[in-house]
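Read the structure below first, then the notes.
Bear in mind that the values in this text are calculations on the coordinates, not laboratory data. On a predicted model such as this, the values are computed, not experimentally measured, just so you know. Cβ atoms come from the backbone with ideal geometry, glycine included; neighbour counts cover every protein chain shown.
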Amino acid sequence: MKAESGVKYSVVVPLYNEEGSAAPLYIGLTEVMRTLEEPYEIIFVDDGSTDRTADILSEIHETDQCVRIVSLRRNFGQTPALKAGFDAAHGEVIISMDGDLQHDPAEIPAFIEKLNDGFDIVSGWRRERKDTWLTRRLPSRIANWMMSRLSGVALHDFGTTFKAYRREIIQNIQLYGELHRFIPALARWSGARITEIPIANPPRQHGKSKYGLSRTFRVFLDLLSTKFLLDYSTRPLHFFGFFGLSAIGAGTSSGLLLLFQKLIAHSAIFASDGVLAFAAIALILAGVQILCLGLVSEIVSRTYYESQKKPIYVTRVAKRPDLHLKFGQEAVASSEEDRFSNAGADREKSTSLVPK
Ligand code: UDP
Ligand code: MG
């Protein structure tokens, strides 16, 4: 599929206060992109920088037609900045990378080579990380392990933004909060073919990192919501129902046990009857509430999907039905002539729609 604008590669770079890195990055990127000998664009997203980043980007834009700038009104964060770049991109292939020179443009051809092998997403893997162990590498290791276990995507490094995507995959993904780390997991839902390649991880040369240890906590919560949404967004009752019914089941059995004790056996099996009675009531009440939460979530889920006409599946290729079948279904046409003209219009549409 050729992109409408003829652009083949879009490089998306979010920048927040990167005045020291913007120009050298542009020079490095341009050098590499030119060697690919295909039309490309570089989209710099200025995420509300307060230093000279915006001025430097404008100067670059004035001298080079291949550079586009998206300026956000304030600092929205890396995920919205990336999404703004993805939405603006025209290329068939979109490459995202950081703007702090921690990603080497010279590695872009390797990403493209992998995409040409038939993958939809190629993710960078910082095999030898230079960051500090306790605040960066250890939390990242744990988070990556959990992400790959929970999402079923066998990647070592979800955290890096150095990735290449086919446009149709990335533009169909909605990103909230700081979900850019979960793009492979989210894309997996739509059947994307994902792989990874090792990349270098040079330390930051200018400015300082925008993140600290608090990121770990947010990543963990994002992991939880992503896992829930991926698995249960179309069937929340299966999730809540499990816990609700288990609690009701446990509460009811404890209640029955107590009843049996009192009425038939007349003996105290447990010394602390009162606690068990309380637990039985609490479990039943909690179970009923959780179950109701599941039912409400079912309504929310239906509203979410139906109000936006969101599909609950993704097609890779859709071949149109045979023309005579389509013609047979034209019940709305008022006259015989209309029917033929509708069928003719349909024929044109269907031939142009059939994927090559
Ligand atoms: N970034 C951004 N908006 C923000 C924070 C970061 O656009 O609010 C950009 C930043 O300029 C850099 C990239 O996201 O190009 C990665 O940020 P950083 O280097 O601080 O993250 P780290 O490499 O430490 O994980
Ligand atoms: Mg960085």
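Things to note:
- Since only MET147, ASN172, TRP133 are under comparison, the one whose Cα sits farthest along the positive direction of the charge dipole of the stretch 131-219, derived from C-beta charges on Lys, Arg, Asp and Glu, is TRP133.
- Counted charge near SER151, where neighbours are those whose Cβ lies closer than 12 Å (Asp, Glu -1; Lys, Arg +1): +2
- Linear extension gain, ARG316 paired with LEU221, 0.36 nm per residue minus alpha-carbon span: 31.1 nm
- Counted residue by residue at 0.36 nm each, then reduced by the alpha carbon distance between them, the extension gain from GLN261 to ARG193 reaches 18.6 nm.
- Charge sum, other residues only, whose C-beta stays under 15 Å from PRO109's C-beta, Lys/Arg counted +1 and Asp/Glu -1: -3
- Between helix 22-35 and the chain: long-axis angle, C-alpha atoms, 0 to 90°, nearest 10: 70
- Given charges at beta-carbon only (K, R positive; D, E negative), |dipole| of the chain in Debye: 1300
- Histogram of C-alpha separations across the stretch 236-308, 10 Å bin width, %: 21, 34, 22, 14, 7, 2, 0
- By the Stokes-Einstein formula, at 1.002 mPa s and 20 °C, the stretch 1-147 with its Kirkwood radius over alpha-carbon pairs has D equal to 132 µm²/s.
- Alpha-carbon geometry of the chain: the Rg and the Dmax are 27.4, 92 Å, given in that order.
- Most positive-pole-ward Cα, PHE44, TYR9, ALA185, against dipole of the chain from beta carbon charges: ALA185
- Among the listed pairs LYS83/LYS208; LYS163/LYS310; LYS163/LYS309, those whose Cα-Cα separation exceeds 28 Å are LYS163/LYS309.
- Nearest-ten-degree value, helix 53-63 long axis tilted from longest Cα axis of the chain: 40
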